[in-house]
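Data first, discussion second: the structure below is written as structure tokens.
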Amino acid sequence: MKLLVTFYDKGTNPIIAKAVMDTGVLINVERAVINSSEGEALVDVPDDACHIVGEALKRLGADVRIVENGVSRDLNRCVSCGACISICPKEVFSFDDDWMIVTDEKKCILCGRCVLACPHQALTISY
């Protein structure tokens, strides 16, 4: 399961590392944006440990949200042009045998590149 972790600690407190040490649960950081005053990380944790890790991160001062969906595609707007395929770093999009776009939301890291690349504004990210 994916968690979106937001923190406001100037990057001096390694909260993700501390959460791993406190819980013993390995965390995969899929995307992180950190500057001198705040940060946001999308982390993947085992489903059965999601609550434990989320609570540990909250105790360490982070805001935590469960991300249940990645990118969403509006089938009425999408024309299967493939612009999203070439820009996606995680291969969320592909063509099926009929050359129609299919998505694998579980792979999505919420980077938003596909949303910007879509010429028909058929993609959105909601979390």
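The values are calculated or read from the model by the stated rules, or taken from the named source; none is laboratory data. Small disclaimer: the values here were computed from a predicted structure and weren't measured. Cβ: placed from backbone, ideal geometry, glycine included. Neighbour counts: every protein chain shown.
Considering only residues that are touching a helix residue (DSSP H, G or I) at 6+ places or on another chain (Cβ under 7 Å) and assigned to a loop (DSSP other than H, G, I, E, B), which ones fall in the range 90-115? Within the range 90-115, Lys90, Glu91, Val92 meet the criteria. Working only within the range 87-102, note down all residues that are surrounded by fewer than 15 Cβ atoms within 10 Å (Cβ to Cβ) and in contact with a strand residue (DSSP E or B) (Cβ under 6 Å, 6 or more places away or on another chain). Ser94, Asp96, Val102 - these are the residues of the range 87-102 that are surrounded by fewer than 15 Cβ atoms within 10 Å (Cβ to Cβ) and in contact with a strand residue (DSSP E or B) (Cβ under 6 Å, 6 or more places away or on another chain). Against the test of being surrounded by fewer than 16 Cβ atoms within 10 Å (Cβ to Cβ) and either more than 19 Å from the chain's Cα centre (by Cα) or not assigned by TED's automatic domain parsing to the domain that holds Ile15 (or both), the options His51, His120 yield a single qualifying residue, His120. What about Val29, is it surrounded by 15 or more Cβ atoms within 10 Å (Cβ to Cβ) and at pLDDT 90 or above? No.
Residues in the range 17-60 that are within 21 Å of Lys107 (Cα to Cα), touching a helix residue (DSSP H, G or I) at 6+ places or on another chain (Cβ under 8 Å) and not small (Gly, Ala, Ser): Val25, Leu26, Ile27, Val29, Val43, Val45, Val53. For the range 34-63, a residue qualifies if it is among the charged types (D, E, K, R) and part of a strand (DSSP E or B), and the qualifying residues are Glu40, Asp44, Asp63.
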